[in-house]
Amino acid sequence: MVGAVTCFGLSFSVIKWPGTSGSVIAWWRLAASTVIWWSVLAVLRLRGRPLPSRATWVAVAPAALSFGLNISLMFVSVTRTSVAHSQFIVALAPLVLAPLGLVMFGEHPARGSLRWGALSFLGLVVVLWFGSDDGVATAAGDVLAVGGMLGFVGYLAFTKRARARGVGTLDFVAILMPVAMVTATPVAVVTSDSLWPASGETWVAIALLAVLTGMVGHALLVYAQRSVPIVTVGVIQVSQPAQATFWAWVFLGESIVLAQVPGMVLVMAGLVLVVVTGQRVEARAVTDR
């Protein structure tokens, strides 16, 4: 999970670097990842490994459709608001995952730990309220980030369900990429003038993302889903906003208003306390049994 989060943190600077519509980069990133993963499957097929079954496609489809919305909306939001805004909005995903984990998987988060979520909400308000007025951050971009966050929540939940049904990592990511294009394509068509990248920098960014997140990041994330609780998966990503903001400062020169720093600290501290408190309660429960 730590490796996956590092890949994702770096990716947002790559997305914003060419100055191209994020939805176009998202679409081509999915297309490139599809070619890579299915080339791997084709080689393995020649060695006798069967292709994914129809049941596997059905199991992965909900996660893939959610992922298509997540990646397309998030990529657009990054180009229309600051990396800091988009990432700290996405950081609130664990607070949505907690009740979803209870409904879908019977995971009972500690009630006491969820109280710390109020710190994260307060922190997010501070981050958004004191955002830079240099035109990088916009309300429309922030709204798109919220939509991307909800798509991410669906992706994590449906991924865990598919993994619980025995879907392997390779089959999962190979199906994930092409099916995600079903929901990513309409977003790209609506939010951009053309699906064809207009610059060499855009093609470089697509190639980097195909490897950085399309292969390495998501393979690590899917692998971790088998043994890591869904809320913990979300909370481990607490370091992603800090990483993404740092890389945006290094590579893109995005500024951070000093008044936002306490809010960023509150977001991350609140989420860390959620998972730490929850793990302590779980440990006590195991000891009592």
**Matching option when the condition is modelled with pLDDT under 75 and under 30 Å from W196 (Cβ atoms), among G106, G112, G19, G135** = G135
**Message:** Return the residues of segment 22-60 that are under 19 Å from I206 (Cβ atoms), modelled with pLDDT of 90 or more, surrounded by 17 or more Cβ atoms within 10 Å (Cβ to Cβ) and hydroxyl-bearing (S, T, Y); say none if nothing qualifies.
**Reply:** T34
**Message:** Among the residues in segment 41-55, are any part of a helix (DSSP H, G or I) and under 21 Å from the mean Cα position of the chain (by Cα)?
**Reply:** no
**Message:** For segment 63-88: of the residues being among the β-branched types (V, I, T) and more than 11 Å from the chain's Cα centre (by Cα), which is modelled with the lowest pLDDT?
**Reply:** V83
**Asked** Do you know which residues across segment 183-203 are of a type in the set (G, A, S) and either part of a helix (DSSP H, G or I) or buried (at least 17 other Cβ atoms within 10 Å of the Cβ) (or both)?
**Response** A184, A188, S192, G200
**Request:** Please determine, by comparing only the residues of segment 244-258 that are modelled with pLDDT under 75 and in contact with a helix residue (DSSP H, G or I) (Cβ under 8 Å, 6 or more places away or on another chain), which one is nearest to G19 (Cα to Cα).
**Result:** S255
**Complete:** Of (1) touching a residue at least 12 places away in the same chain (Cβ under 8 Å); (2) surrounded by fewer than 22 Cβ atoms within 10 Å (Cβ to Cβ), T81 fails just (2)
**V153 vs. criteria surrounded by fewer than 19 Cβ atoms within 10 Å (Cβ to Cβ), of a type outside the set (K, R) and modelled with pLDDT of 85 or more** = no
**Request:** Scan (1) closer than 20 Å to A4 by Cα; (2) surrounded by 21 or more Cβ atoms within 10 Å (Cβ to Cβ); (3) of a type outside the set (G, A, S); (4) at pLDDT below 80 for the single condition T213 breaks and write down its number.
**Result:** (4)
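The values are calculated or read from the model by the stated rules, or taken from the named source; none is laboratory data. All of these numbers come straight from a predicted model, not from anything done at the bench. Here Cβ is always computed from backbone atoms with ideal geometry, including for glycine, and neighbour counts include all displayed protein chains.
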